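The values are calculated or read from the model by the stated rules, or taken from the named source; none is laboratory data. Given the structure is predicted, the values throughout are model-derived calculations rather than measurements. Methodologically, a virtual Cβ is constructed for each residue, glycine included, from the backbone with ideal geometry; neighbour enumeration extends over all protein chains shown.
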Amino acid sequence: MPNGSKIARASVWIEQEIAIAAFLNNQMKRSLRIAAYVHKDVALEGLRQFIILNPKKFESSEDILNDLPSTLSSWNDFPKEGEDSLERFRDICASKKQGDFGTLIESMRDQLIERWNEIDAYDDTLTQESDPREVAAQIQEHKVSVFVPAMRRLTILGLAAIKAGESVDYLRRVVTLLQEVYESCDRLRLLRIFSNKPAQSDDETWYIGNTMPAFEALVSLQLMGAYLAKRDRFEYLSALLTPLGNL
């Protein structure tokens, strides 16, 4: 510090993840469960000075491990057994059944790319009879009920591929689909009409512009990168180093 004093700072990467979580919660109205912990010696600075994070202070890793079970048990929105959980996808990757994995990828591609056709999102034509508010609501509904859940599944599948420790090709196929999602922005002409329009109401503040899929793809990619770094699975890094991963 300028006065000669010393402070302990948090990881730059953790600060970045907190910023992304704050953006998703406050600007995109995406509900995220967060269990925040901060070492008692880490200084309060940066974005953490301006958001209500309410982290619990700890002295050792044991403090977190002792507290976390009770916190997680209070969350009732985890996938139930048999749903698209990390463990289920990991088992599919570990089974080395290329057919099952391929079926998952194709199912997710259908939801992330093809099903935009259901609302003519690749067409930029609004007829005189079209009500822009109704079209915007239709796009919002598709995003919430189809696109976002599919992006969640694809992200979990990528994490599962890393966790299973199997062929890098599994993760590469996930990233290839993420890249296709990113590039779909140029073709989502209907969404481009709403890129610069304000939210329709206080209750519908979802951003529905054509760059939305690109943002979601980059967030997903960053989560996978953080996870492989945490697990020291750097042999998977090459799968992320695509044109999308270098943005």
Worksheet item: In the range 202-220, what residues are of a type in the set (S, T, N, Q) and at pLDDT 65 or above?
Response: ASN210, THR211, SER220
Response to the item:
Counting only helices (runs of 4 or more DSSP H) entirely within the range 1-100, those with at least 1 residues that are modelled with pLDDT under 75 and farther than 27 Å from PRO149 by Cα are 12-26
Discussion item. Which pairs turn up if I take residues in the range 55-67 that are within 13 Å of VAL42 (Cα to Cα) and assigned by TED's automatic domain parsing to the domain that holds ALA43 and look for partners that are in a helix (DSSP H, G or I) and of a type outside the set (Ser, Thr, Tyr) with beta carbon separation below 9 Å, at least 6 apart in sequence or on another chain?
Written reply: PRO55/ARG48; LYS56/ASP63; LYS56/ILE64; LYS56/ASP67; LYS57/ASP63; PHE58/ILE64; PHE58/ASP67
Practice prompt. Scan the range 194-201 and give yes if some residue there is buried (at least 19 other Cβ atoms within 10 Å of the Cβ) and either outside the structural domain of ASP120 (by TED's automatic domain parsing) or at pLDDT below 90 (or both), otherwise no.
Written response: yes
